[in-house]
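The values are calculated or read from the model by the stated rules, or taken from the named source; none is laboratory data. These numbers come from a predicted model, not from an experiment. Using ideal geometry, Cβ is built from the backbone for each residue, glycine included, and neighbour counts are taken over all protein chains shown.
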Amino acid sequence: MLPHIAEYLAANSLSEASFPIRLHSPGRINIIGEHTDYTGGWVMPAAIDKGIEFYARRIEGSSLVLHAVDLNKSQKLPLPVTGKTGELWVDYLAGIVEQFQQMGQEVPSLEIVFGGNVPRGSGMSSSAALEGGMAFLLNEVLVAGLSRPELAQLSQRSSNEFIGVPTGIMDQFASLNGSPDGPILLNCDSLNFEPISAEVPGYSWLLVNSMVTHELGSSEYPVRVAECQEALEALQKVFPDLEKLSHASPDQLAVVINDLRPVVRKRANYVVGENIRVRQMAQALKVGNVSKAGKLLNATHAGLRDDFQVSCEEVDLLQFMAAENFRGAVAGARIMGGGFGGCTINLVRSTELNFLKAFLKNAYREAYDKTPEFYEVNIGAGTKWL
């Protein structure tokens, strides 16, 4: 049990034993394959040891009594769910309830206490952990019999239809289906996936949190989705059998590239190139090719910065200082997550971790008067019972 949840229960004279339904829903990192999930592409995410813990029990009445320990907030959600509440943390849970209602399920009254240790705004997808954990919980309570991939699809539909954000499936899928053996190579179109090894002898994965989150992220995300759709529709005029933008080859894209608006051309170039990089990364990690893996990380960052335009100056500085100023110790680095803030993910020689942290801390403080946070990556299992 996370310490702050234990403190909350104790302060409210509640015992762990009184909550028989207990689970851990992890956050996720993504080695490579950013902004390709909603175009049916390849991604390489991993569940991590940081996440959200849920404690639930049945109660009388016709509502969910929700306690968000991290936010120090509680709210009663009437059942059945009929629409948004206006509180985003509640709506993430309400949207999952609404999906089960659409299946004809009658969600019973529950008291749910939850909290976690995923830094919000870091790009480690605390929202997907919240959605996936709630879906996993209700699947058990209702004996609905959905598989983990099906729960990921349900969670994505909730994000798309209830929350109103056109996300892909990567975050929810990784949280629910992650493997402790390493990241998964996931085809976001077929949902076929396999665990692969991300262990590179002598190297470690390090996340560096810029401690900034620009509001641009929420408004620009749907714009990127629409621009990718525009590129796909142009391709389909010439290649009518092409179902997803990520299925396009560089040669196919070259046929229509001059017909695209300049900004859409950039988005399409990035998506097609990123899908190639994901598969190249799988091969590089399989044989422990550090140099190749690092170059791919740097190339992805350049693509996200210049073609997809979802980076920001603070994250660009962290990436540059690691990949260029600390070259030799850092094989490569890139922005991770939706963009406009959050973390960089770095492949670092293990013996140089402390030196890199000290260097980045001092340089970033000098540039922005902010202290970055560092997280050494521990890959873990997907959603599990406690």
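Considering only segment 310-328, how many residues are touching a helix residue (DSSP H, G or I) at 6+ places or on another chain (Cβ under 7 Å) and touching a residue at least 60 places away in the same chain (Cβ under 8 Å)?
4
Answer yes if at least one residue in segment 252-269 is under 21 Å from G341 (Cβ atoms), in contact (Cβ under 8 Å) with a residue 12 or more places away in the chain and assigned to a helix (DSSP H, G or I), and no otherwise.
Yes, segment 252-269 contains a residue that is under 21 Å from G341 (Cβ atoms), in contact (Cβ under 8 Å) with a residue 12 or more places away in the chain and assigned to a helix (DSSP H, G or I).
So in segment 143-192, with the set limited to residues that are without any contact (Cβ under 8 Å) to a residue 24 or more places away in the chain and of a type in the set (G, A, S), which one is nearest to R277 (Cα to Cα)?
Step by step, filter segment 143-192, then rank; the result is S190.
What are the residues in segment 199-250 that are among the basic types (K, R) and closer than 30 Å to A358 by Cβ, if any?
none
Within segment 278-294, how many residues are within 15 Å of S246 (Cα to Cα) and crowded, with 23+ Cβ neighbours inside 10 Å?
The qualifying residues number 1.
Tally the residues that are surrounded by 13 or more Cβ atoms within 10 Å (Cβ to Cβ) and small (G, A, S), restricting the search to segment 57-66.
Final tally of qualifying residues: 2.
Six or more apart or on different chains, Cβ under 6 Å: which pairs go from a residue in segment 30-42 that's closer than 15 Å to R334 by Cα to one that's in a strand (DSSP E or B)? Could you list them?
Within 6 Å, the pairs are N30/P45; N30/M336; G33/W42; G33/V43.
So which residues in segment 164-204 are aromatic (F, W, Y) and surrounded by fewer than 23 Cβ atoms within 10 Å (Cβ to Cβ), if there are any at all?
F193
Condition first: touching a His at 6+ places or on another chain (Cβ under 8 Å), of a type in the set (G, A, S) and surrounded by 18 or more Cβ atoms within 10 Å (Cβ to Cβ). Now tell me which residues in segment 67-117 satisfy that.
Listed by number, the list holds a single entry, G115.
For segment 325-366, give me each residue that is surrounded by fewer than 18 Cβ atoms within 10 Å (Cβ to Cβ) and within 25 Å of D307 (Cα to Cα).
Answer for segment 325-366, where residues must be surrounded by fewer than 18 Cβ atoms within 10 Å (Cβ to Cβ) and within 25 Å of D307 (Cα to Cα): N325, R327.
Applying the selection to segment 58-98, what residues are of a type in the set (A, V, I, L, M, F, W, C), touching a helix residue (DSSP H, G or I) at 6+ places or on another chain (Cβ under 9 Å) and either on the phi > 0 side of the Ramachandran plot or outside any loop (DSSP other than H, G, I, E, B) (or both)?
L64, L66, A68, L77, L88, W89, L93, A94, I96, V97
Output the residues belonging to segment 6-39 that are assigned to a helix (DSSP H, G or I) and of a type in the set (D, E, K, R).
The answer is E7, E16, D37.
Kindly indicate the residue of segment 1-29 that is charged (D, E, K, R) and touching a residue at least 12 places away in the same chain (Cβ under 8 Å) and also farthest from K286 (Cα to Cα) among those meeting that condition.
Filtering first and then ranking leaves E16.
Since M134 meets every condition but one in (1) of a type outside the set (S, T, Y); (2) surrounded by 24 or more Cβ atoms within 10 Å (Cβ to Cβ); (3) part of a loop (DSSP other than H, G, I, E, B), which condition does it not meet?
Against the list (1) of a type outside the set (S, T, Y); (2) surrounded by 24 or more Cβ atoms within 10 Å (Cβ to Cβ); (3) part of a loop (DSSP other than H, G, I, E, B), M134 comes up short only on (3).
Hey, among the residues in segment 211-252 that are of a type in the set (G, A, S) and surrounded by fewer than 18 Cβ atoms within 10 Å (Cβ to Cβ), which one's farthest from L360 (Cα to Cα)?
S249
Quick one: V208 ticks every box in (1) surrounded by 19 or more Cβ atoms within 10 Å (Cβ to Cβ); (2) in contact with an Asp or Glu (Cβ under 7 Å, 6 or more places away or on another chain) except a single one, so which number is it?
(2)
What are the residues in segment 325-373 that are acidic (D, E) and either within 24 Å of the chain's Cα centre (by Cα) or modelled with pLDDT under 95 (or both), if any?
E373, the sole residue that qualifies.
Give the residue, chosen from L296, L232, that is under 29 Å from A323 (Cα atoms) and touching a residue at least 60 places away in the same chain (Cβ under 8 Å).
Of L296, L232, the one residue that is under 29 Å from A323 (Cα atoms) and touching a residue at least 60 places away in the same chain (Cβ under 8 Å) is L296.
Each row is one residue, and each column tells you yes or no for (1) under 19 Å from S62 (Cβ atoms); (2) of a type in the set (S, T, N, Q).
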site: G104; (1), (2): yes, no
site: V118; (1), (2): no, no
site: S127; (1), (2): no, yes
site: L130; (1), (2): no, no
site: L138; (1), (2): yes, no
site: Q156; (1), (2): no, yes
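Any residue that is under 21 Å from P195 (Cβ atoms), modelled with pLDDT under 95, out of contact with any Lys or Arg (no Cβ under 8 Å at 6 or more places or on another chain) and not in a helix (DSSP H, G or I) - is there at least one of those in segment 271-286?
no
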